[in-house]
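Reading through the structure tokens given below for one structure.
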Amino acid sequence: MPVDPVTLEILKNHTRAAAESMAFTLYRTAHSTFVKETEDFTTGLTTPAGETFATPTELGATWFVGLNYGRVIEMIDDYRPGDIALTNDPYSGFVCTHTPDMHIWKPIFHEDEIVAFSVGHVHNTDVGGAVPASLSRTLSEIHQEGIRIPPAKILVEGELNRQVLDLFLTNVRAPDQNWGDLKAQIAACNTGERKVREMIERFGVDVFREGVADLLDYAEAQARAIVRNLPDGTYPFADYMDEDSVDGWPCRLALTLVIDGDELVFDFTGSDPQLESSLNMPTGGDERHTLLMVGMTYVLYSLDPSLYLNSGVGRVCRCILPSGTIVNPVFPAAVGMRTLSCSRLQGLILGAFAPAAPERLAGSPGSGGPIMNVNTTDNRTGRRIMAAINPMTGGAGGRAGEDGQDGSGANQGFLKNTPVEINEAEAGIKVLRYGLSPDSAGPGLHRGGMATEMRFQAFSPNTRVTARNRDRTRFTGWGIAGGRAGASSRFIKNPGTNREVDLGNTDILTIGPGDVIHVTCGGAGGWGDPLERDPDAVLLDWRRGWVTTGHARDAYGVVIAQGAVDGPATRALRAARANGTDNRFYDVGDECRAFEAVWTDANYAALTECLARLPVHWRFYAKHRIFAALEPLSPDDRRGDGSDVRQAFAALCAEFPELSDAGGAAAA
């Protein structure tokens, strides 16, 4: 029997408070900077079947609202009071999504019955593998990305499983940090268990059990009500990562969003084949995998902030995930840099929804900035340092009523910056600048949020810098409803000197004493015509140092002279430009427009059709061969209707007869 509404509301608050208490326990007892400062962790409570029914909103990552632990729960044969299990293997149950994420779960018993699990994860700064911090786009298979522990018990009836712990700590670069963070996770799970027992004591086990089911149904009903208020239709959108591998071709993520009544379909057909780099997203083909639901949750929560966040929200959506693609790779594809892909995926989903609610949604989030790690030596003590120094983030996109949030926002808002003092004390570097990047925001009636930038200097030889998630040096964050794209990101070694090097999307390098690194993430997209922006708002940004005089003129048509807006010159300039306004809904930036002039929707449709006929291990290679075949064609010779792609594919099949059976029909 359903729990009465008043009791359910009280129970809802108790469950959320329990998840918050777990988060505070972990936050206050963790050891690594990446957990205790950046807050890349989660806590929560799940049903016995693994559905998350309570998550915190004040602390931690916001990606795992709908995470289902069911698969890994089932991979442990037997549970007893005091047990805690863990795994960090992305291919064991598809709960972990890259190796640094250590997920743990603890059964909570009432008498002899499991009534819930307390769960959570932390992102370990390092779990071994080929590179410090374990992650780089240069890695091509999961075996290079650090130790993988399939689901196993770390506590057996309250006793530490030393064999599993020693195996883990022997294979990592900072074992004291990892062990400290794991103990914090265990403490958080114990907090969750205690809070569930308190709820059962107050409400009774039957009300608790039924109330949890009702909370999942409640979130589902809320989500369906939001979707029903959106116009039915089919909304296609595509976005790109700069490279599909080291010095590779662009990587495409494609989505066809279908809104039908109170249901959603995400069809990812047309997304690139799985990559020979670590940008793949391990979903296991789960049509409601949490990585795929994050962007949807952001959209629905933006439309109605009263939405209760749990696994019930995901029930309104199902995904179509072609096997062997970037959104559903097969073993042993590397997945460590899935953070970058997921960030782009979340923006992709925001972009697909934008035409359905342009007055309520925003331009592209800023992205392309890295999560920075330093592996160096303390010159005073000789101690080796392995530390996270900052997540570099962009702001939120501009929206109908306001500018985007600067420096941090949208899908990156949960990543907290590390104070300069902590970086200098714990990471063995000197921070020369940390702030907002001028002219980075996408212009608009309401501009996008500005990007952050940082300069820091190394003191020791052989200092290794890992800058994972570097992107947006080429394909910038899009604007909507007349707004313009944000600025590109930058990664420079020794800027302003005769030793300056543009590092592009490099994500791991070695520097020496005195070397300086300058990193800037991309800016967020704007909303609305920038020629309609209030000149005084442009002037205010100019006075703050956020917009230069030239950018104010070029992007906004605002002439600033002697510290003030020149009204007549501004009106004349804007009037001269008014007829040249681009009326397309999306502004994807110059690079993307040039790329899509060659790689049209028809060409990509043909590519998708051809590659799907090949074995998975041939697809990435075939994509590159086809791209290389089309590159030298002159604009006059490019047809853009898919025939060029099919011709290149037919030539490939002729070169490799073993592909003829697979490729013959597509080539015909």
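The values are calculated or read from the model by the stated rules, or taken from the named source; none is laboratory data. Small disclaimer: the values here were computed from a predicted structure and weren't measured. We place every Cβ from the backbone using ideal geometry, glycine too, and count neighbours over all the protein chains shown. Accessible surface is based on the protein model in full, side chains and every heavy atom, while ligands, DNA and RNA are left aside. Shrake-Rupley method; radii C 1.70, N 1.55, O 1.52, S 1.80 Å.
Some notes on this structure:
- Test: residue in region 513-534 that is without any contact (Cβ under 8 Å) to a residue 40 or more places away in the chain and either touching a Ser or Thr at 6+ places or on another chain (Cβ under 7 Å) or closer than 26 Å to V588 by Cα (or both): yes
Here's the yes/no breakdown for (1) in contact (Cβ under 8 Å) with a residue 60 or more places away in the chain; (2) under 30 Å from R360 (Cβ atoms); (3) outside any loop (DSSP other than H, G, I, E, B); (4) open to solvent by 40 Å² or more (accessible area, probe 1.4 Å):
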| residue | (1), (2), (3), (4) |
| --- | --- |
| L432 | yes, no, yes, yes |
| P438 | yes, yes, no, yes |
| A441 | yes, yes, no, no |
| G448 | yes, yes, no, no |
| R455 | yes, no, yes, yes |
| R464 | yes, no, yes, yes |
| A467 | yes, no, yes, no |
| R472 | yes, yes, no, no |
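- Tallying residues that are within 40 Å of the chain's Cα centre (by Cα) and either under 11 Å from L539 (Cα atoms) or open to solvent by 40 Å² or more (accessible area, probe 1.4 Å) (or both) within region 551-562 yields 8.
- Residue count for region 542-579, restricted to those that are outside any helix (DSSP H, G or I) and under 20 Å from G444 (Cβ atoms): 10
- Hey, D126 over 16 Å from I104 (Cβ atoms), among the charged types (D, E, K, R), outside any loop (DSSP other than H, G, I, E, B) and in contact (Cβ under 8 Å) with a residue 24 or more places away in the chain or not: no
Here is a yes/no grid of residues against (1) modelled with pLDDT of 95 or more; (2) over 18 Å from G448 (Cβ atoms):
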residue	(1), (2)
T506	no, yes
L539	yes, yes
V558	yes, no
A569	yes, yes
A572	yes, yes
N603	yes, yes
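- Residues located in region 141-179, provided they are touching a Ser or Thr at 6+ places or on another chain (Cβ under 8 Å), farther than 13 Å from L86 by Cβ and surrounded by fewer than 17 Cβ atoms within 10 Å (Cβ to Cβ): none
- Pairs linking a residue in region 210-232 that is under 12 Å from S311 (Cβ atoms) and modelled with pLDDT of 95 or more to a residue that is of a type in the set (F, W, Y) and open to solvent by less than 10 Å² (accessible area, probe 1.4 Å), with Cβ atoms under 9 Å and 6 or more positions apart or on different chains, are V212/F53; A213/F53; L215/F53; L215/Y308; L216/F53; Y218/Y308; A219/F53; A219/Y308.
- Residue list for region 475-512, restricted to those being over 26 Å from the mean Cα position of the chain (by Cα), open to solvent by less than 30 Å² (accessible area, probe 1.4 Å) and either more than 24 Å from T377 (Cα to Cα) or in contact (Cβ under 8 Å) with a residue 60 or more places away in the chain (or both): none
- V131 being among the hydrophobic types (A, V, I, L, M, F, W, C) and part of a loop (DSSP other than H, G, I, E, B): yes
- Qualifying residue in region 387-395 (condition: closer than 26 Å to L275 by Cα, open to solvent by 10 Å² or more (accessible area, probe 1.4 Å) and outside any loop (DSSP other than H, G, I, E, B)): no
- Residue in region 206-234 that is most open to solvent (accessible area, probe 1.4 Å), counting only those that are more than 20 Å from G66 (Cα to Cα) and of a type in the set (V, I, T): T234
- Set L257, L279, L291, L307: member being assigned to a helix (DSSP H, G or I) and either under 24 Å from Q412 (Cα atoms) or basic (K, R) (or both): L291
- Tally of residues being open to solvent by 20 Å² or more (accessible area, probe 1.4 Å), at pLDDT 95 or above and out of contact with any Lys or Arg (no Cβ under 7 Å at 6 or more places or on another chain) across region 306-323: 5
- Residue identified as at negative phi and either more than 19 Å from the chain's Cα centre (by Cα) or without any contact (Cβ under 8 Å) to a residue 12 or more places away in the chain (or both) among V95, V72, V65: V72
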